[in-house]
Each structure stands twice: as C-alpha cells, then as structure tokens.
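The values are calculated or read from the model by the stated rules, or taken from the named source; none is laboratory data. Worth saying up front: this structure is predicted, and the values here are computed from it rather than measured. Using ideal geometry, Cβ is built from the backbone for each residue, glycine included, and neighbour counts are taken over all protein chains shown. For the accessible areas, the whole protein counts, side chains as well, though only heavy atoms, and no ligand, DNA or RNA atoms are used. Shrake-Rupley method; radii C 1.70, N 1.55, O 1.52, S 1.80 Å.
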Amino acid sequence: MQLVVARIGRAHGIKGEVTVEVRTDEPELRLGPGAVLATEPASAGPLTIETGRVHSGRLLLRFEGVRDRNAAEALRNTLLIAEVDPQAQPEDPDEYYDHQLMDLEVVLADGTEIGRITEISHLPSQDLFIVERPDGSEVMIPFVEEIVTEIDLAEQRAVIDPPPGLIDDSEAEVASPRDEN
C-alpha cells in the first residue's frame, strides 16, 4: 500500500536541499537517509534521500542527483510516497494510519449512527474526520481524545462524544451574550 509521507516545499540554499511538509507520524522511519520514495507526479521520481536535517524547526532533505537550487526548485509541490505493509501498525497504540480509519462507521456511545469517515484532513492544530451522514451531508469531527473516545478497528467503528452543536446545529449553545443585543 502506498502512503503520502511528505510534500516537497521550496528549495533551501544553493546545494539542492528542499523543505518538506511532513505528513507522517514516523518521519525518522519513512524519511531517513537511503529511503527510496515514489512521487506524484511519477515523472519526478523515484527519489532516494541522501541526507536529512532539521533547521529552524523544518525538515530539510537532499536527494541523490539533486545538486543545485534549480533542480531542487523543480521538485516543489511533489508528493513523496512510501510503500507500507497494509498490516503494519504504528508503534504507539493510540496512533493510526489513515487507511485504517477510512470508512469506519461513526457512532455515539449509545450506538446512534452518525455516518462513515470518507476523508481525513490533516491541519496544523489537529486532524479532522470528514464524515458523510446517511442523508449525504457532511460533518467535520475533530480527531481529539475528548471527542473521539474510542477507535475499534475490529468492529470498524469510531465512537464519539460530541459537544452540543457539533452534530446537530439545533443543539448549539450560545456562549456569548453579544448575540442578545
């Protein structure tokens, strides 16, 4: 199975290094020296990581055969794709690969069906489940411990305890008195 593990950003310096937007919880495993990664578009790769380092909180990579800024800049916005065993599990039991979460049924603790996960959006502050409801509408569920209380891969379901208004707008609580004026 192929997983997107990073997106190449802009060139850094003049020796072929690039910034990368990491899209994996295991960068040391997927983006280490010697890793061979497929690319999207496919014409840009495959790419072999020669070196990697962190600079000002950003991961910088250099690929074999990419020696100058122009070659590095030509890779901008290329997705890096790793081949992963579909049966592999992350080391931390509270972590999941996106493919494990896709199509899980989302239910409340009492068993009320909310929908199924159709997409996972990775935002800087948190991940979001995009859940398609039975009527075809979508709802976004923050993938945080306080809301997603259980992931049961064996039963193919995610149990949630949403705050008022997350699932049903009519249950929303007004938190500010300014709307009363």
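Roll a 1.4 angstrom probe over the protein heavy atoms and tell me the percent of accessible area of the range 1-97 that is carbon or sulfur. Working shown, then result.
Numbers: 2680 of 5610 Å².
For the range 1-97, the apolar C and S fraction of the accessible surface comes to 48 percent.
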**Item:** Relative contact order (%) - the range 1-135, alpha-carbon pairs under 8 angstrom, separation at least six
**Value:** 23 percent
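What order, most packed first, do the peptides 124-137, 56-69 have when packing is the mean number of other Cβ atoms within 10 Å of each residue?
Details: 124-137: 12.7, 56-69: 15.6.
Highest to lowest by the protection proxy: 56-69, 124-137.
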**Message:** Could you compute the net charge surrounding A72? Neighbours are other residues with a C-beta less than 9 Å from the C-beta of A72; K and R count +1, D and E count -1.
**Reply:** +3
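Accessible area per residue of the chain at 1.4 Å probe, in Å²? Mind showing how you got there, number by number?
Details: 11020 Å² over 181 residues.
Result: 61 Å² of accessible area for each residue.
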**Fill in**
Computed, not fitted: 222 nm per-residue ellipticity of the chain from DSSP H runs ≥ 4 (each -39500 (n - 2.57)), nearest 500, equal to -1000 deg cm²/dmol
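Cβ under 11 Å from A11's Cβ, A11 left aside: what net charge do those residues give with Lys, Arg +1 and Asp, Glu -1? The partial results should precede the final answer.
On the way: positive: R10, K15, R62, R69, R76; negative: E17, D68, E73.
Surrounding charge for A11 is +2.
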